[in-house]
Amino acid sequence: MERIASGYALAEAPLAAPDGGVFFSDALAGGVYRWSPGSGEVSTVIETRRGVGGMAAHAAGGLVVSGRDLARIDGDVTEVLYADESAAGFNDITVDPAGRLVAGVLRFRPFAGEEMVPGEYVRVDGPAAAAAIMPGVEWVNGCAFSPDGATFYGCDYRRGVVLAADREERGAYGPPRVLAESPSGEADGLAVDEDGAVWVALGGAGRLGRFRPDGELDGTVDVPAAFVASLCFGGSDGRDLFVTTGGDPSDPDAAGGVFHARADVAGAPIPAVGLG
């Protein structure tokens with residue numbers, strides 16, 4: 001594990017960049033950043049936006065980011081793709097096989113000490129249209145689809161579980177079921193590899209867990225950080241593993257940041273968002 005970026009409160013929402021680098025956010029302090037593999041430098045892509053827990057590429061260019069709403073941001077252009085005034089915000093996001101955005105809706109502000117109100121994962125069908133695909137999730141977090149697009153996975157951080165729901169051809173979803181329980185009691189960010197295994201950030205355990213498609217824990221990967229928040233696959237062969245972490249931004253050795261390693265298996269491709 002090589003630390004490639006540091007100095008952040010809670011590095012989150014990693015997204016592979018086309019040049020082999022990675023986009024990431026600081027969910028607490030704000031901003032979206034990009035690490036470039038050639039120079040090793042970190043540049044600011046989006047200033048100040050707070051609460052970015054998930055990102056995706058958009059087919060028309062730019063990034064889709066979560067936060068108070070779901071928006072496509074491309075340079076000076078900001079296009080709100082979906083907003084819900086009844087929600088506290090949106091956390092992690094992913095993209096279904098049809099190019100539709102899937103997002104976790106927060107119904108309370110966990111870092112403000114508010115009482116828990118269950119949220120849900122929704123499929124965004126338009127600027128004012130969304131359908132719940134996985135209701136009753138206490139704290140929505142990482143989410144992704146299986147390589148064949150037939151199964152949706154979503155973490156419930158508060159319960160420490162990975163939930164799964166079958167996706168039908170027309171886009172309907174079956175009832176959620178518990179796929180796996182986190183050995184740390186925390187299930188934060190999530191990514192899926194090309195073999196169908198589900199990788200989960202195990203929070204304060206300082207590790208990643210790799211679960212087989214049947215939910216069995218296949219192994220763990222240690223990360224030299226106090227809190228492991230999320231992960232993604234990238235690089236030219238999909239085997240670059242990027243891990244985001246949280247910590248004390250004033251301490252160079254304990255700050256949140258981004259780590260890089262090479263994985264034995266490539267990540268499952270994620271399509272670009274076609275909405276908007």
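Numbers at a glance
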| read-out | value |
| --- | --- |
| Region 26-40 and region 134-188: distance between their alpha carbon centers, rounded to Å | 27 Å |
| In sequence order, calculated HN-Hα J values of region 140-152 (Karplus, 6.51, -1.76, 1.60; Hz; x Gly/Pro) | 4, 8, x, 8, 5, 10, 5, x, 8, x, 7, 9, 9 |
| With at most 12 neighbouring Cβ atoms within 10 Å, loop GluC sites (Glu not before Pro) (DSSP) excluded, longest segment of the chain | 217-276 |
| Projected label distance in nm at Ser236 and Ala254, using a 7 Å step from Cα toward the beta-carbon | 4.0 nm |
| Full-stretch length increase - Asp76, Ala172 - with 0.36 nm per residue and alpha-carbon distance subtracted | 31.0 nm |
| Point-charge dipole on Cβ atoms (K/R +1, D/E -1) for region 2-262, about Cα centre, debye to 20 | 200 debye |
| Gain upon complete extension [Ala261, Glu115; 0.36 nm per residue less C-alpha separation] | 48.8 nm |
| Sparse-neighbourhood loop sites, trypsin sites (Lys or Arg not before Pro) in region 124-232 - DSSP loop, at most 15 other Cβ within 10 angstrom | Arg170 |
| Taking N as its residue count, the alpha carbon Rg of region 2-262 over 2.2 N^0.38 Å | 0.91 |
| 5 angstrom amide H check on Ala255, placed H, neighbours 5+ away | Gly7, Asp248 |
| When region 144-272 is reduced to its Cα atoms, the Kirkwood hydrodynamic radius in Å | 14.9 Å |
| Whole-Hz couplings from phi, Karplus 6.51/-1.76/1.60, listed for region 244-260; x for Gly and Pro | 9, 9, x, x, 8, x, 7, 10, x, 8, 10, 5, x, x, 10, 10, 10 |
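Taken together, the values in this text are just the output of simple stated rules run on the coordinates, not laboratory data. All values reported here derive from a predicted model rather than from experimental measurement. Positions of Cβ are backbone-derived with ideal geometry, glycine not excepted, and every protein chain shown enters the neighbour counts.
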